[in-house]
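Participant: Next up is a structure, given as structure tokens.
The values are calculated or read from the model by the stated rules, or taken from the named source; none is laboratory data. All figures in this text were calculated on a predicted structure; none of them were measured in a lab. When we count neighbours, we look across all protein chains shown, and the Cβ atoms used for this are built from the backbone with ideal geometry, even at glycine.
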Amino acid sequence: MSAAQWRRAMNTRDRSAMPLRRAPTTAAPMTPVAPDPYADSSAPRWLKFLWRHLEARHVIVMAALLLFPVVATPFFTFQVAAQSLVLGLIALSLTFLGGYGGMVSLAQMTVTGIAGYAVAVLGHSSSAEISLNWPWWVAVPFALLIATLCATLIGWLSVRTEGIYTIMITLAIGVAFYYLVLQNYSVFNGFQGLRELKAPVFWGVNWRDPVPYYFLALGCALAGYFAVKWVVRAPFGIALQGIRDNPRRMAALGFHVVAHRVAAYAFAGLIAGVGGVLLAWYNALMSPGSVGTSWLINILVIAVLGGMRHPIGAFIGALVFVLLQTFAIDLIDRERFNLVIGGVFLAIVLLSPDGLLGLWSKLRSRFGPSQALQPPRRQA
């Protein structure tokens, strides 16, 4: 019985005893769905996840990523593809905070710089009087721990604000860290920074070479991407999205809003920390220019270009940014590169507030096949 029929039955006394007839409905044709062989099995959860979400396009993209170093030159492998993966991983931390937590932080590059400087100070660098010369397998975990703790502290300071106030607090933290590393010589070596940061050599492979470094960055990027996809479907991620939409209602339901937001900062800080270690090995140095105000804004631009509500958008935005950064000097002076980035950013935001992926969705809905003709998707 529908709601309208129920109201008519309750409001009409003389018809209160009459049975209500339902309008005949034609049953929709059943669409055959492939059976899930792991539904009632004891298979691992990751195998069930792959079965429900893996599609042909995912296999094609994965094959292209694995075969890219075979067909590309070392320049494109290292300077374009590997750099895009590293910057995309850093932007992914901001995408997680902004898209699923509703918190736009400009301090993600600061957390990245903290991890990079920690690797330089704890590991090997050109400044023997500063670096502690720990082995990489000890320095890297400690660097990630320091970056995660600093991200947690940043979150604890900023989650009690919203909107423009959060942006201003995180921007102030980023600028303060920039001047700290610029003026401190005993730990950060001032404006010169720490140089000759060598990537590890193990299993007989120099991971600073273009192809090994590309696969290292690809592995970390895939781990960060799938970690975000899993977290946003977990109870913590669902609660975080509820806090993003209505924090007062979630607090009334018994959820600790501040604790969830601080935990989101910690998780995003871990992702940014991995990106910071990779960035330090990519540039072979850490300097104040790596954590300057321009890079604080660039990470936000990368995240918005791809689409803040899509984890894969961080890597798409990073690829566009790196391509413009690499080849824009052929069309315009290097000093005017920010003008090109600003123009592209403004055009994409005006055409689609959801970035390039939102623009692609609009084009598909307008010029693509009808939704009625598309096969049904498997439910998550």
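Participant: Sort out which residues of region 98-144 are among the aromatic types (Phe, Trp, Tyr) and under 22 Å from Gly306 (Cβ atoms), and write them in order of number.
Facilitator: Restricting attention to region 98-144, the residues satisfying the condition of being among the aromatic types (Phe, Trp, Tyr) are 100, 117, 134, 136-137, 142.
Listed by number, the list holds a single entry, Tyr100.
Participant: Return yes when Ile238 is loosely packed, with under 14 Cβ neighbours inside 10 Å, free of Cβ contacts under 8 Å to residues at least 40 places away in the same chain and assigned to a helix (DSSP H, G or I) and no when it is not.
Facilitator: Numbers: loosely packed, with under 14 Cβ neighbours inside 10 Å: yes; free of Cβ contacts under 8 Å to residues at least 40 places away in the same chain: yes; assigned to a helix (DSSP H, G or I): yes.
Spelling it out, Ile238 is indeed loosely packed, with under 14 Cβ neighbours inside 10 Å, free of Cβ contacts under 8 Å to residues at least 40 places away in the same chain and assigned to a helix (DSSP H, G or I).
Participant: What do you reckon, is Ala259 farther than 30 Å from Leu122 by Cα and out of contact with any helix residue (DSSP H, G or I) (no Cβ under 6 Å at 6 or more places or on another chain)?
Facilitator: Numbers: farther than 30 Å from Leu122 by Cα: yes; out of contact with any helix residue (DSSP H, G or I) (no Cβ under 6 Å at 6 or more places or on another chain): yes.
Yes, satisfied.
Residue-by-condition table, conditions (1) part of a helix (DSSP H, G or I); (2) at pLDDT below 90; (3) out of contact with any Asp or Glu (no Cβ under 7 Å at 6 or more places or on another chain):
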site: Pro141; (1), (2), (3): yes, no, yes
site: Leu145; (1), (2), (3): yes, no, yes
site: Thr148; (1), (2), (3): yes, no, yes
site: Thr161; (1), (2), (3): no, yes, yes
site: Thr166; (1), (2), (3): yes, no, yes
site: Ile173; (1), (2), (3): yes, no, yes
site: Ala176; (1), (2), (3): yes, no, yes
site: Val181; (1), (2), (3): yes, no, yes
site: Val187; (1), (2), (3): no, no, yes
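Participant: Would you pick out the residues in region 238-276 that are of a type outside the set (D, E, K, R) and within 30 Å of Gly342 (Cβ to Cβ)?
Facilitator: Step one: filter region 238-276 for residues of a type outside the set (D, E, K, R), giving 238-243, 246-247, 250-260, 262-276.
Listed by number, the residues that qualify are Ala264, Tyr265, Ala268, Gly269, Ile271, Ala272, Gly273, Val274, Gly275, Gly276.
Participant: A further question follows. With the condition kept exactly as written, say whether any residue in region 272-284 is under 28 Å from Pro353 (Cβ atoms) and not β-branched (Val, Ile, Thr). Give the derivation first.
Facilitator: Pass one, region 272-284, residues under 28 Å from Pro353 (Cβ atoms): 272, 275.
Then keep just the ones that are not β-branched (Val, Ile, Thr); that gives 272, 275.
Yes.
Participant: While we're here: For region 230-244, does any single residue satisfy the condition of being within 27 Å of Val291 (Cβ to Cβ), of a type in the set (Gly, Ala, Ser) and under 19 Å from the mean Cα position of the chain (by Cα)?
Facilitator: Scanning region 230-244 turns up no residue that is within 27 Å of Val291 (Cβ to Cβ), of a type in the set (Gly, Ala, Ser) and under 19 Å from the mean Cα position of the chain (by Cα).
Participant: How many of the residues in region 176-216 are surrounded by 17 or more Cβ atoms within 10 Å (Cβ to Cβ), of a type in the set (A, V, I, L, M, F, W, C) and closer than 19 Å to Met109 by Cβ?
Facilitator: Qualifying residue count for the region: 6.
Participant: Determine which member of the set Ala221, Ala227 is farther than 30 Å from Ala128 by Cβ, assigned to a helix (DSSP H, G or I) and in contact with a helix residue (DSSP H, G or I) (Cβ under 7 Å, 6 or more places away or on another chain).
Facilitator: Working: Ala227 fails: in contact with a helix residue (DSSP H, G or I) (Cβ under 7 Å, 6 or more places away or on another chain).
Going through Ala221, Ala227 in turn, just one is farther than 30 Å from Ala128 by Cβ, assigned to a helix (DSSP H, G or I) and in contact with a helix residue (DSSP H, G or I) (Cβ under 7 Å, 6 or more places away or on another chain): Ala221.
Participant: Residues that are part of a helix (DSSP H, G or I), touching a Pro at 6+ places or on another chain (Cβ under 9 Å), of a type in the set (S, T, N, Q) and more than 20 Å from Val258 (Cβ to Cβ): does region 103-116 have at least one?
Facilitator: no
Participant: Among the residues in region 193-207, are any in contact with a helix residue (DSSP H, G or I) (Cβ under 9 Å, 6 or more places away or on another chain), modelled with pLDDT under 95 and in a helix (DSSP H, G or I)?
Facilitator: no
Participant: Follow-up. Which of the residues that make up region 285-332 are surrounded by fewer than 23 Cβ atoms within 10 Å (Cβ to Cβ), of a type outside the set (Ser, Thr, Tyr) and not in a helix (DSSP H, G or I)?
Facilitator: Scanning region 285-332 gives Leu285, Gly292, Arg309, His310, Leu331, Ile332.
Matching residues to (1) small (Gly, Ala, Ser); (2) within 21 Å of Gly123 (Cβ to Cβ):
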| residue | (1), (2) |
| --- | --- |
| Leu180 | no, yes |
| Gly237 | yes, no |
| Asn246 | no, no |
| Met250 | no, no |
| Gly275 | yes, yes |
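Participant: Here's something else I'd like to know. Determine which member of the set Leu363, Leu339, Leu359 is of a type in the set (A, V, I, L, M), under 20 Å from the mean Cα position of the chain (by Cα) and either more than 18 Å from Thr110 (Cβ to Cβ) or surrounded by 15 or more Cβ atoms within 10 Å (Cβ to Cβ) (or both). Before the answer, list the steps.
Facilitator: Numbers: Leu363 fails: under 20 Å from the mean Cα position of the chain (by Cα); Leu339 fails: under 20 Å from the mean Cα position of the chain (by Cα).
When all the criteria are applied, what remains is Leu359.
Participant: Now a separate question. All but one of (1) under 22 Å from the mean Cα position of the chain (by Cα); (2) touching a residue at least 12 places away in the same chain (Cβ under 8 Å) hold for Leu153; which doesn't?
Facilitator: (2)
Participant: When region 262-291 is examined, which residues are found to be modelled with pLDDT under 95 and of a type in the set (Val, Ile, Thr)?
Facilitator: Val291
Participant: Suppose we filter Val111, Val80, Val138 for residues that are surrounded by 24 or more Cβ atoms within 10 Å (Cβ to Cβ) and of a type in the set (A, V, I, L, M, F, W, C); which single one remains?
Facilitator: Details: Val80 fails: surrounded by 24 or more Cβ atoms within 10 Å (Cβ to Cβ); Val138 fails: surrounded by 24 or more Cβ atoms within 10 Å (Cβ to Cβ).
Result of the check over Val111, Val80, Val138: Val111.
Participant: Exactly one condition in (1) assigned to a helix (DSSP H, G or I); (2) modelled with pLDDT of 90 or more; (3) farther than 17 Å from Gly99 by Cβ is false for Gly254; which is it?
Facilitator: Status for Gly254: all satisfied but (1).
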